[in-house]
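Let me begin by presenting the structure, written as structure tokens, before commenting on it.
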Amino acid sequence: MTDTEHVGFEQTIAKLLRVGVGTSAAVVICGGLCYVIQSRREATAYHTFHRASAVYSNVFCMFAAASGGDCRAIIQLGLLLLIATPVARVAFSAVAFARERDYTYVTATLIVLAILLVSLLR
């Protein structure tokens, strides 16, 4: 791989991170505004803790709730995007190292990716 291609991969990874974080922030802000508008008439007691619904811990339920206009689910999806951004970066790095035929780094990157995925799915 040439130096030009290497710089191209670095720029692509940087763009991936910027787009991921920006998209995540936009989704969280939209969900937050939706939540503030939707719940402005509700009395909220912040001095007691109430466990979140299971809807917000299951990805498929979260997508269904967000598509139905659930503002909290939209916020959760934004946070999920934020978590997915570095995972996507690691996956992209594995592909870049494979294209360079640098199998030591491919192996190390795939191990890191496996650890990330296992920790997220537990």
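The values are calculated or read from the model by the stated rules, or taken from the named source; none is laboratory data. Computed from a predicted structure; not experimentally measured. Cβ placement follows ideal geometry from the backbone for every residue including glycine, while neighbour counts extend to all protein chains displayed.
Can you find a residue that is closer than 30 Å to THR107 by Cβ and out of contact with any Phe, Trp or Tyr (no Cβ under 7 Å at 6 or more places or on another chain) anywhere in segment 49-61? The answer is yes, given that some residue of segment 49-61 is closer than 30 Å to THR107 by Cβ and out of contact with any Phe, Trp or Tyr (no Cβ under 7 Å at 6 or more places or on another chain). Number of residues in segment 75-104 that are surrounded by 14 or more Cβ atoms within 10 Å (Cβ to Cβ) and without any contact (Cβ under 8 Å) to a residue 12 or more places away in the chain equals 2.
Conditions (1) on the phi < 0 side of the Ramachandran plot; (2) among the charged types (D, E, K, R); (3) surrounded by 10 or more Cβ atoms within 10 Å (Cβ to Cβ); (4) in contact with a strand residue (DSSP E or B) (Cβ under 6 Å, 6 or more places away or on another chain), marked per residue:
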{"site": "VAL36", "(1), (2), (3), (4)": "yes, no, yes, no"}
{"site": "ARG40", "(1), (2), (3), (4)": "yes, yes, no, no"}
{"site": "ALA45", "(1), (2), (3), (4)": "yes, no, no, no"}
{"site": "HIS50", "(1), (2), (3), (4)": "yes, no, no, no"}
{"site": "SER53", "(1), (2), (3), (4)": "yes, no, yes, no"}
{"site": "VAL59", "(1), (2), (3), (4)": "yes, no, yes, no"}
{"site": "PHE63", "(1), (2), (3), (4)": "yes, no, yes, no"}
{"site": "GLY68", "(1), (2), (3), (4)": "yes, no, no, no"}
{"site": "ALA73", "(1), (2), (3), (4)": "yes, no, yes, no"}
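In this structure, is ALA26 over 26 Å from ALA96 (Cβ atoms), at pLDDT below 90 and of a type in the set (A, V, I, L, M)? Taking the combined requirement at face value, the residue does not satisfy it.
Based on this model, can you work out whether VAL27 counts as under 20 Å from LEU113 (Cβ atoms) and under 14 Å from the mean Cα position of the chain (by Cα)? Considered against the rule, which asks whether it is under 20 Å from LEU113 (Cβ atoms) and under 14 Å from the mean Cα position of the chain (by Cα), VAL27 comes out as no.
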